[in-house]
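The values are calculated or read from the model by the stated rules, or taken from the named source; none is laboratory data. Values in this document were obtained by computation on a predicted structure and should not be read as measured data. Cβ: placed from backbone, ideal geometry, glycine included. Neighbour counts: every protein chain shown. Just the protein is used for accessible areas: all its heavy atoms, side chains included, with ligands, DNA and RNA removed. Shrake-Rupley method; radii C 1.70, N 1.55, O 1.52, S 1.80 Å.
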Amino acid sequence: MYMPLRHRGVHPKDTEYFAKDQLPKLATAVKELSWLLGRGYSMKAALTLVGDHHQLATRQRLAVGRIACTDGKIAARQAKCISLEALKEREVLIDGFNLIITIETALGGGAVFDCLDGCYRDLSSVYGSYRPVEETLPAIELIGDLLAGYHPEQVHWLFDRPVSNSGRLAGMVQHLGDAHNWPFTTETTDRTDALLTASRHIVVSCDSAILDRTAHWCNLAREVIMRSVPDAWVIDLKG
């Protein structure tokens, strides 16, 4: 079996970028960016304006961009959010890389951000390449254990086929599902986002574009981290 060689944990500069003395400035930036987005500014233009004004580093800008949200989108996303109790005997579709990497980051001590729409998001990006780490199997175990307590009928994991090791990760998820008798199925696909947004079933993702287009979603990453990773480094910039 593939042996992970590293952690998905703390970025070397994050303890500086997200130190306590940086948080008030970043919280103000989140508020300003959300205000601009609500008035029709594009994310790129608004984030450049806010980031330059506050002299934010690249990772600080990335965090502010993932946290910020307009009031309208917050309300719309929350109206479609399904509780864990509502998963019973329902079919669930999981954005596999999105969910697993967030839990890996929390387990590895990396920064996780409590966003305005209620999602927990990290700053990791796949960019065509994924490598399992020491936290991968524990992350899948935590997800499976929590889901099992709410008895969904089927949990279908989708992984982006063009990303390296997508088949390997899908195999790891399927192997653990079979070992625990969890109702898991896995698939690698070139149309992950399209399948998630078109589905009438409950979707698990923290991808903003997916949340805005899907019919129903469950905030599973937040629930797993809150319940099972109590020492996670969660940063709240909501003000």
What is the distance in Å between the Cα centres of region 1-68 and region 165-206?
29
Which percent of the accessible heavy-atom area of the chain goes to carbon and sulfur, probe 1.4 angstrom?
52
Considering amide H positions built from the backbone, and no H for Pro or chain starts, which residues 5 or more places from Trp157, or on another chain, come under 5 Å of its amide H?
Ile94, Thr185, Thr186, Glu187
Quick one: the Cα spread of region 95-239 along its three principal axes, in angstroms, biggest first?
40, 33, 32
Order the peptides 61-69, 166-174 from the highest to the lowest mean number of other Cβ atoms within 10 Å of their residues.
61-69, 166-174
In nm, to one decimal, how far is the Met226 label point from the Met43 one, both placed 7 Å along Cα→Cβ?
2.4
Cα gyration tensor shape of region 1-89, rounded if a/c is under 1.5, else prolate or oblate by comparing a/b with b/c:
oblate
Using a Förster distance of 22 angstrom, determine the FRET efficiency expected from the C-beta separation of Asn181 and Arg131, and round it to 0.05.
0.15
Given 10 Å bins starting at zero, what is the percent of C-alpha pairs of region 185-239 in each, up to the one with the largest pair distance?
21, 40, 29, 10, 0
Charge context of Pro183, other residues only, Cβ under 10 angstrom, K/R +1, D/E -1
-2
Give the calculated FRET efficiency between Cys81 and Trp35 to the nearest 0.05, with a Förster radius of 30 Å applied to their Cβ-Cβ distance.
0.80
Taking a probe of 1.4 Å, how large is the accessible area per residue of region 28-166, in Å²?
42
Counting only Cα, what are the radius of gyration and maximum Cα-Cα distance Dmax of region 67-174, in Å?
14.8, 40
May I ask for the Kirkwood hydrodynamic radius of region 117-170, worked out over all distinct Cα pairs and given in angstroms to one decimal?
13.3
Using alpha-carbon pairs under 8 Å, 6+ residues apart, how would you state the relative contact order of the chain in percent?
27
Please compute the net charge surrounding Gln154, taking Lys and Arg as +1 and Asp and Glu as -1 over other residues with Cβ under 11 Å from its Cβ.
-2
PRE reach from Ala19 (point 7 Å along Cα→Cβ): which of region 29-59 fall under 12 Å by backbone N?
none
